[in-house]
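Worksheet: the structure to be examined is printed underneath.
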Amino acid sequence: IQINYGIKTGYNEAFIIYGKIKDELIKKDPKSAEIIKPILRGRDIKRYKAEFADLWLIGTFPALNLNIEEYPAIKEYLEQFLPKIKQTGEVFIDKNGKEQKTRKKTGNKWFETQDQIAYYKEFEKEKIVYNDISQQLAFSLCESGMYFNNTVYFITNSIFNKYFLAILNTRIIDWYYKRTSAQLGKN
């Protein structure tokens, strides 16, 4: 069993897009489809199922060593978020004269997601997912190729996902979780 967390983009407004924008980017440049992936957020995870909200991730993970010039439509789209998406940690003044800060300083390129995501191949497997903050545990089985933001954790293993999912969603696991972890609000 391996447990990973979802993707930290550093600026979701740029990297998580609606289906309409995805379609426009792919229409401009069909190669864009290679790095645009379906994404779920923590609020999309329900018990036994996940509800896809037609959100898509521009998956420019540093571990992929992409050349942004090979994806002109995505490059053009992301450039509208400059300088905010630079990964320098610097302060700048925006068009409205307000002080803003870029994403945290990393060694990554401006168009890349914030974290390396060296485990990106794990997203291509069937997995069990759960959100990080919740009043009740909700585990769901997700198909291969589905990606998640950083409010979701996922478990990959080579066998028994459906059986493991059934165990994780039992009342006894929920009871144990409530006894051993910090709880939100009142139950």
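The values are calculated or read from the model by the stated rules, or taken from the named source; none is laboratory data. Treat the numbers as computed from the prediction; the structure is a model and nothing was measured. So basically every Cβ, Gly included, is an ideal-geometry build from the backbone, and we count neighbours across all protein chains shown. We work out accessible area using only protein heavy atoms, side chains counted, and drop any ligands, DNA or RNA first. Shrake-Rupley method; radii C 1.70, N 1.55, O 1.52, S 1.80 Å.
When ASP94 is tested against (1) without any contact (Cβ under 8 Å) to a residue 24 or more places away in the chain; (2) more than 20 Å from GLY42 (Cα to Cα); (3) open to solvent by 80 Å² or more (accessible area, probe 1.4 Å); (4) not aliphatic (A, V, I, L, M), just one condition goes unmet, and that condition is (3).
Do we have any residue at all in the stretch 118-127 that's in contact (Cβ under 8 Å) with a residue 12 or more places away in the chain, under 22 Å from PHE15 (Cβ atoms), among the charged types (D, E, K, R) and touching a Phe, Trp or Tyr at 6+ places or on another chain (Cβ under 7 Å)? Taking every residue of the stretch 118-127 in turn, at least one turns out to be in contact (Cβ under 8 Å) with a residue 12 or more places away in the chain, under 22 Å from PHE15 (Cβ atoms), among the charged types (D, E, K, R) and touching a Phe, Trp or Tyr at 6+ places or on another chain (Cβ under 7 Å). Within the stretch 82-91, restricting attention to residues that are under 21 Å from the mean Cα position of the chain (by Cα) and open to solvent by less than 40 Å² (accessible area, probe 1.4 Å), the residue that is nearest to GLU13 (Cα to Cα) is ILE85.
In the set (1) touching a Lys or Arg at 6+ places or on another chain (Cβ under 9 Å); (2) open to solvent by less than 90 Å² (accessible area, probe 1.4 Å); (3) modelled with pLDDT of 95 or more, ILE26 fails one condition alone, (1). Please enumerate the residues belonging to the stretch 113-137 that are modelled with pLDDT under 90 and within 26 Å of ARG179 (Cβ to Cβ). Within the stretch 113-137, ASN131, ASP132, ILE133, SER134, GLN135, GLN136, LEU137 meet the criteria.
Entry remark, the stretch 51-67: residues being closer than 13 Å to LYS109 by Cβ and surrounded by fewer than 17 Cβ atoms within 10 Å (Cβ to Cβ) number 4 in total. For the stretch 151-158, indicate whether the set of residues that are of a type outside the set (Phe, Trp, Tyr) and farther than 24 Å from ILE36 by Cα is non-empty. Scanning the stretch 151-158, I find at least one residue that is of a type outside the set (Phe, Trp, Tyr) and farther than 24 Å from ILE36 by Cα, so the answer is yes.
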